[in-house]
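The block underneath contains the structure these notes are about, expressed in structure tokens.
The values are calculated or read from the model by the stated rules, or taken from the named source; none is laboratory data. These figures come from a predicted structure and were not determined experimentally. Methodologically, a virtual Cβ is constructed for each residue, glycine included, from the backbone with ideal geometry; neighbour enumeration extends over all protein chains shown.
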Amino acid sequence: MGLAEFTNAHRALAEFWHPVALSCEVGGEPVAVRLAGQGWALARFGGAVAGFADACPHRRARLSAGQLSDGTLQCMYHGWRFAADGRCVQIPALGGDGSIPERAQLRRPAQVAERDGLVWLAPMPPRAPLPELAPAAGLGGADIATVMLPVTRVEANAAILLDNFLDEAHLPFVHAATIGGAGPEPIPRADVARQGLSFTAVREHTFTNLTDPAVRDGVRPAVQRRRMTYRYQAPLTATLLLEFLDAGGWQFLTFTVTPEDERACRVYQSVTGPGLADPEQADSAAKYEMSIFEEDLDLQRRALSGLEFPLDPAAELHTRADRVSVEFRRVLAAAVSD
Ligand code: FES
Ligand SMILES: [Fe+2]
């Protein structure tokens with residue numbers, strides 16, 4: 001597939017890294033993934049993951065339906081074999097003495113990498129580094145570990161999902177049954193520090209802490225203070241450090257949305273924090289985060305489905321409480337325009 005087949009937005013998104021699979025999903029069989037309107041086949045050659053446009057140069061069969069054998073990726077249609085660098089090394093129908101055409105080469109993305117338990121792919125040379133998904137060093141606590149949440153495919157605009165992650169004013173409404181039970185409070189204009197195609201915003205608010213054991217024991221009120229440090233990294237990654245000012249401790253959430261095409265995306269999330277090295281605590285933290293995310297998905301389905309994401313600031317109405325989401329629009333617009 002050539003560039004002409006990308007929409008403009010997708011062409012811009014192709015110039016960034018995106019997670020396309022969990023590392024553990026790419027093993028002995030090729031895997032089909034979709035990114036920015038294009039299909040890719042991922043295959044693990046020895047240790048390293050390689051990616052190829054998911055179309056055999058012969059009759060365009062999906063290579064992800066083929067198999068890995070003898071260190072090659074073999075197309076299921078006529079058995080052509082391709083090496084890790086995309087070169088065709090065998091065409092069975094030509095026999096041993098046939099010469100392999102020069103153009104029998106798989107198209108490869110600009111870069112593929114594995115980090116933080118994810119396979120990342122940049123279709124075109126990336127304009128920003130791989131997103132940073134690790135919490136800042138120096139956060140204390142014992143048994144710190146990272147838990148990947150279940151990957152969720154959502155029929156929604158990727159930017160609308162990310163906008164929702166960065167949004168604070170929805171918490172008392174969409175999350176009234178979980179963290180938002182403290183009710184609405186005025187949101188002061190956030191201080192936002194921009195660095196290139198990313199920004200950081202810090203704010204404090206009250207929330208309902210349903211996971212604090214001292215709340216269950218009646219020792220601490222459920223409505224507590226927490227500091228939220230958002231970091232956005234264009235185009236579609238955000239992290240959130242939660243510091244619990246009353247209960248102590250912290251959690252670090254990551255949220256990356258991979259656009260499959262105009263209609264669907266995949267959400268990769270993780271939670272890191274003290275205590276999560278314990279499988280039981282990890283399981284209950286993952287379940288709790290997913291129950292909060294389910295409230296956002298319900299909002300997507302019932303109120304936001306089918307919406308486009310406008311980069312024109314005049315298309316929506318903003319207030320001073322929306323400082324972070326306005327900055328998100330600004331940086332995203334800068335990232336996807338040349
Ligand atoms: S289509 Fe792949 S070998 Fe013919
Ligand atoms: Fe939410």
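Considering only residues in the stretch 100-138 that are out of contact with any helix residue (DSSP H, G or I) (no Cβ under 9 Å at 6 or more places or on another chain), in a loop (DSSP other than H, G, I, E, B) and of a type in the set (A, V, I, L, M, F, W, C), the one that is farthest from ALA55 (Cα to Cα) turns out to be ALA137. Looking across GLU185, GLU168, one residue alone is in contact with a strand residue (DSSP E or B) (Cβ under 8 Å, 6 or more places away or on another chain) and either more than 14 Å from ligand 2 (Cβ to nearest atom) or not assigned by TED's automatic domain parsing to the domain that holds PRO235 (or both). It is GLU185. Can you say whether GLU185 is under 24 Å from GLU327 (Cα atoms), over 27 Å from the mean Cα position of the chain (by Cα) and either buried (at least 19 other Cβ atoms within 10 Å of the Cβ) or not small (Gly, Ala, Ser) (or both), as far as the supplied structure shows? Judged against the criteria, GLU185 is a match. Of the candidates ALA193, ALA238, ALA201, ALA177, the single residue that is assigned to a loop (DSSP other than H, G, I, E, B) and not acidic (Asp, Glu) is ALA177.
Kindly indicate the residue of the stretch 50-60 that is surrounded by 17 or more Cβ atoms within 10 Å (Cβ to Cβ) and over 27 Å from the mean Cα position of the chain (by Cα) and also nearest to ligand 2 (Cβ to nearest atom) among those meeting that condition.
For the stretch 50-60, the residue satisfying everything is CYS56.
Say whether the condition of being surrounded by fewer than 14 Cβ atoms within 10 Å (Cβ to Cβ) and more than 15 Å from the chain's Cα centre (by Cα) is met by at least one residue in the stretch 121-134. Scanning the stretch 121-134 turns up at least one residue that is surrounded by fewer than 14 Cβ atoms within 10 Å (Cβ to Cβ) and more than 15 Å from the chain's Cα centre (by Cα).
Within the stretch 204-254, the set of residues being basic (Lys, Arg) and in contact with a helix residue (DSSP H, G or I) (Cβ under 7 Å, 6 or more places away or on another chain) comprises ARG220 only. Within the stretch 271-280, being away from ligand 2 (no atom under 16 Å from the Cβ) and either free of Cβ contacts under 8 Å to residues at least 12 places away in the same chain or buried (at least 21 other Cβ atoms within 10 Å of the Cβ) (or both) holds for THR272, GLY273, LEU276, PRO279, GLU280. Quick check: is even one residue across the stretch 214-221 touching a residue at least 40 places away in the same chain (Cβ under 8 Å) and not acidic (Asp, Glu)? Looking for residues that are touching a residue at least 40 places away in the same chain (Cβ under 8 Å) and not acidic (Asp, Glu), one finds none in the stretch 214-221, hence no.
Within the stretch 292-338, the set of residues being closer than 28 Å to ILE179 by Cβ, out of contact with any helix residue (DSSP H, G or I) (no Cβ under 8 Å at 6 or more places or on another chain) and of a type in the set (A, V, I, L, M, F, W, C) comprises PHE293, LEU297, ALA303, LEU317, ALA321, VAL331. Of everything listed in (1) of a type in the set (A, V, I, L, M, F, W, C); (2) farther than 19 Å from MET290 by Cβ; (3) away from ligand 2 (no atom under 16 Å from the Cβ), the single unmet condition for MET148 is (2). Checked against (1) in a loop (DSSP other than H, G, I, E, B); (2) closer than 22 Å to GLU260 by Cβ, ASP97 passes all but condition (2).
Just one of the numbered conditions (1) closer than 16 Å to SER325 by Cα; (2) touching a residue at least 60 places away in the same chain (Cβ under 8 Å); (3) crowded, with 19+ Cβ neighbours inside 10 Å is not true of VAL154: (1).
Against the conditions (1) of a type in the set (A, V, I, L, M, F, W, C); (2) in a loop (DSSP other than H, G, I, E, B); (3) at pLDDT below 95, LEU276 satisfies every one except (3).
Only residues that are part of a strand (DSSP E or B) and hydroxyl-bearing (Ser, Thr, Tyr): list them for the stretch 35-72, please.
First, the residues of the stretch 35-72 that are part of a strand (DSSP E or B): 35, 38-45, 48-53, 67-69, 72.
Across the stretch 35-72, the qualifying residues are SER69, THR72.
Within the option set ASP143, ASP116, being buried (at least 18 other Cβ atoms within 10 Å of the Cβ) and not basic (Lys, Arg) holds for one residue only, ASP116.
Residues of the stretch 25-34 that are in a loop (DSSP other than H, G, I, E, B) and either small (Gly, Ala, Ser) or surrounded by 15 or more Cβ atoms within 10 Å (Cβ to Cβ) (or both): VAL26, GLY27, GLY28, PRO30. Of the set (1) outside any helix (DSSP H, G or I); (2) without any contact (Cβ under 8 Å) to a residue 40 or more places away in the chain, all apply to GLY141 but (2).
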